[in-house]
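Okay, structure first, notes after.
What follows is calculated from the coordinates using simple rules that are stated; it is not laboratory data. For clarity, every value in this text was computed on a predicted model and none was experimentally measured. Neighbour counts are summed over all protein chains in view; Cβ atoms, including those assigned to glycine, are modelled from backbone coordinates with ideal geometry.
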Amino acid sequence: MSSDFERADDVRMDVGALIAAVLSRGLRIVLVTVLLLVASAAVLLFIPKSYESSASLLVEPRSNIYTRAAMDVTSGGNAVNTEALMSSQIELIKSRDLLLEVVDSENLRSVPEFSNAGFSPIGFVLRLIGRGPEQRSVDETVLGNLADRMTVIRERDSAVISIYVRSTDAELAARIANAIAAAHVKRRGAQSLTDTADATVWLEEEIDKLRPKVSAAETAVANYKVENDLFVGANSIPVTDQQLTVVATQIAEAQQRKNDAQARSQVIRGLLDKGQSLDGVNDVRNSVVIQGLLETKANLQAELAQKSTTLLSNHPTIKALKAQVGELNKQITSEADRVADSLEAEAKVEADLEQRLRDDLTRAKLTAGDATKGGVTLDSLEREAKAQRDLLENYLARYSDATSRTASNSALPDVRIVSEAAPSVEPASPKIPLILGAIGFVALALQIGAILFGELMSGRALTERTRAAGLESEDHVYDAEATEIDNDMVDEAIDDELEHAVESGIAPPPLAARPADDDVAQLSAAVTTHQLRTVLLASLDGGQETLMVMDRLLEDALMSDLSAVVVDAGSGETSALLGLTDLAAEQADYGDVMQRAGDNLAEVPWGRLPSLDRRSSRPSTLIEALADIYHVVIVDTGRVGVASSLPLFAGARATVVLVTSEDASPVAIGVARRDIAALGFELGRVVRLPAVRADVA
């Protein structure tokens, strides 16, 4: 059987050729880069150096020992928006008036750096066409140059403002920065004094207006209280309210006393009606008469008890004593009845007192109602008087504070210098090391980029890959004696035919089919004779060929009394048992994935997870450990390509065996060999098996 080939459109970059092209021109790249750096350094030496100095200002309200508790009069004690405050301070620092003060103090009009207009490309072009800019005054020129050389920024989210000034003279740059900071502090202090003086005059006028208003409001409150009897007693409680409280308390007390007397009287009369003893009633026992009667009764009862021991009940003495005791009981009952009458009389007195107090409460309520209505007007007058009085007191406090602030050195500005500028030692520009580094990097990048681009455009760094097209050709036929050729010689012949096909455009015929048993037998012999210990089976088509080779190897190994283990790293079929995927995902240990299948046979299944973690190094470690335990380790890595698990076993002491069908294309085999070599493996053997075809009627 023979086949034709056609060119594929897939083009690859040859990284080795690109690196070789760059290295071959390395001397020129270095020489050009050095020349550019030297030329740039020479140019930078003639550029005037600029030095930069900075002074820092802190913006915050301040007070001294005399005005520590006072707030800024202009702010009225309210919090100032920090963002707006900082922006305002920056604009004041860059204002024309302040910069003119600095120009005068430092005599910048006589400094050529600031007084000269300098070269302007736009102005030069306009002058060439006869439309040059108008001549500016010396002050405008100096202010423009100073503004260009000055930068005022806020330091992050703090209340510090930094003033940066650049100049060719380091001393001059520091002096200008300090002069700007000092001028701003002085100006803010003068503004504070001016604002305070103006506030003092205004406050004095307002105080003079408020004093008669406060006096009139307080007089109106006092007159209304007198006219309407709206007096206030202790604890700022109106007298009418106090009267209502006292009367209500007295009514409650009288009602309580009345109820108490009635209850005690009813208890005594109830006991009398039932004929029970009155000895337990306090009101009865507290009566002096009843106390005497009770003592006499006790004596007679004692005597009666004594006489009863010697005399009979019909004895005159016994009868006389009993008659005396009965008379005493009648007297006690009569006296208790009089006590109950006295309690009822007391309850009646308390009831009369309660009624009189209720009448007084009614009259007090009428008076309190009138006072409440008048209190509404009184409250209104008091609120007005209090508002006028509070405003006057506030103005008086502010006036006192403002008066103290107008004194010399008492009003502190809200800006102060926290860091003075010092002459810079190193120039701010040009940054020669940074510029030279950037030039060197750009020079190297441009040269290397140009070389790479040229190599790619010329095609010298590109390689083509051909694929089988399936067209048959009878031009070249291998002899049947090719079955005697070793696997390595077959692979070399395939590469030669591929190169010949690419150069001449002629598709080479496939190698004559060799018996499949020879390839498998040779591989099995190498395994059983201990030439191969760890075999990585890689499939070209992903069919049943790998299983056939694996079964043959296991059968021969077991027949030779060799222990073997099979590792499934390519089927992708999940199982209920722990396997390689669980080991790679660190969800199982090495011993958990080993499944015994016989005395000398073990198996590592795919596992419970659908995918294999290709970043794990545990599968390679497992293979190394199994090779020390078992005579033969067979690993199914699946189909060669992106989905292959071969990269997981990189660095392992193993032999890769490529399993293909008998009619596999030599080109496909060559591509597979290159893919295996790209992964860092060396292809040991190629095993060809008859293709499995369905019978068609």
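Structure data summary
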item	result
Compactness relative to 2.2 N^0.38 Å, alpha carbon Rg of region 530-641	1.01
3J(HN,Hα) from dihedral phi, region 662-673, Karplus parametrisation 6.51/-1.76/1.60, rounded to Hz, x for glycine, proline	5, 9, 5, 6, x, 5, 4, 5, x, 4, 5, 4
Calculated from backbone phi, Karplus (6.51, -1.76, 1.60) coupling profile of region 433-443 in Hz, x at Gly/Pro	x, 5, 5, 5, x, 5, 5, x, 5, 5, 4
FRET efficiency estimate (nearest 0.05) - Cβ-Cβ, Asp260 to Ser313, R0 41 angstrom	0.35
Pairwise FRET efficiency - Asp148 versus Leu35, Cβ, R0 = 51 Å, nearest 0.05	0.90
Region 600-617 - phi-based ³J(HN,Hα) in whole Hz, Karplus 6.51/-1.76/1.60, Gly and Pro as x	10, 10, 9, 9, 10, x, 5, x, 8, 8, x, 10, 10, 6, 7, 8, 7, 9
Partners for Lys213 among lysines (Cα-Cα distance below 23 Å; same-chain residues under 8 apart left out)	Lys225, Lys386
Extension reserve of the Leu23-Lys330 stretch, reckoned as 0.36 nm per residue once the Cα distance is removed	95.9 nm
Using a Förster distance of 60 Å, the FRET efficiency for Gln301-Thr249 (Cβ separation, nearest 0.05)	0.75
Label-to-label distance, nm, for residues given as Ser560 and Lys49 (7 Å Cα→Cβ offset)	8.1
Inter-label distance, nm, simple model (7 Å from Cα along the C-beta direction), Ala597/Val138	10.4
Distance (nanometres) between label positions extended 7 Å along Cα→Cβ at Asp97 and Thr529	10.7
